[in-house]
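Below is one structure, written out as structure tokens; the observations come after it.
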Amino acid sequence: MKESSASASDPRQPATAKMYVPPKVSPQDLPIDYAGFLAVVFGFAGLMFRYKLCSWLAIIFSVQAIANMKNFENDFKQISMATMFGIMGLVTSYLGPSRPAKPQS
């Protein structure tokens with residue numbers, strides 16, 4: 001009996017409810033992908049300066065950028081480049097020729 005009185009005084013109108021549709025956003029208006037940008041920076045530093053830590057950070061940020069990818073066409077090029085920089089940096093750091101030792105005086 002109590003339920004019928006509660007539903008009778010309910011002010012909501014389910015017939016007028018509309019589904020939420022998110023607004024369309026152009027790819028140029030999306031926010032900057034900081035993880036992808038940092039992956040490129042760390043990948044480049046790891047490759048050019050042969051820093052292992054930078055190469056590992058580039059791989060980590062690349063994975064994070066892939067997980068949070070919003071626009072496949074624009075983000076995939078940047079993330080794939082960062083991943084390749086990171087992998088090439090790791091290969092040259094671990095498998096490349098070692099740096100010459102500084103002579104001690």
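The values are calculated or read from the model by the stated rules, or taken from the named source; none is laboratory data. Only a predicted model underlies this, so the values are computations on that prediction, with no experimental measurement involved. Positions of Cβ are backbone-derived with ideal geometry, glycine not excepted, and every protein chain shown enters the neighbour counts.
Based on what the data block shows, is Ser80 part of a helix (DSSP H, G or I) and touching a helix residue (DSSP H, G or I) at 6+ places or on another chain (Cβ under 8 Å)? Spelling it out, it is not the case that Ser80 is part of a helix (DSSP H, G or I) and touching a helix residue (DSSP H, G or I) at 6+ places or on another chain (Cβ under 8 Å).
Taken over the range 25-77, the criterion of being of a type outside the set (A, V, I, L, M, F, W, C), under 11 Å from the mean Cα position of the chain (by Cα) and in a helix (DSSP H, G or I) is satisfied by Tyr34, Gly36, Ser62, Gln64, Asp75. Condition test on Met19, is it over 14 Å from the mean Cα position of the chain (by Cα) and closer than 29 Å to Met81 by Cβ? No, not satisfied.
Is it true that some residue in the range 7-24 is out of contact with any helix residue (DSSP H, G or I) (no Cβ under 7 Å at 6 or more places or on another chain), surrounded by 10 or more Cβ atoms within 10 Å (Cβ to Cβ) and either of a type in the set (A, V, I, L, M, F, W, C) or without any contact (Cβ under 8 Å) to a residue 24 or more places away in the chain (or both)? No, every residue in the range 7-24 fails to be out of contact with any helix residue (DSSP H, G or I) (no Cβ under 7 Å at 6 or more places or on another chain), surrounded by 10 or more Cβ atoms within 10 Å (Cβ to Cβ) and either of a type in the set (A, V, I, L, M, F, W, C) or without any contact (Cβ under 8 Å) to a residue 24 or more places away in the chain (or both).
Among the residues that make up the range 83-105, is at least one of them closer than 21 Å to Pro27 by Cβ and at pLDDT below 90? No, because not a single residue in the range 83-105 is closer than 21 Å to Pro27 by Cβ and at pLDDT below 90. Residues in the range 6-24 that are part of a loop (DSSP other than H, G, I, E, B) and of a type in the set (S, T, N, Q) were compared, and the one that is nearest to Ala67 (Cα to Cα) is Gln13.
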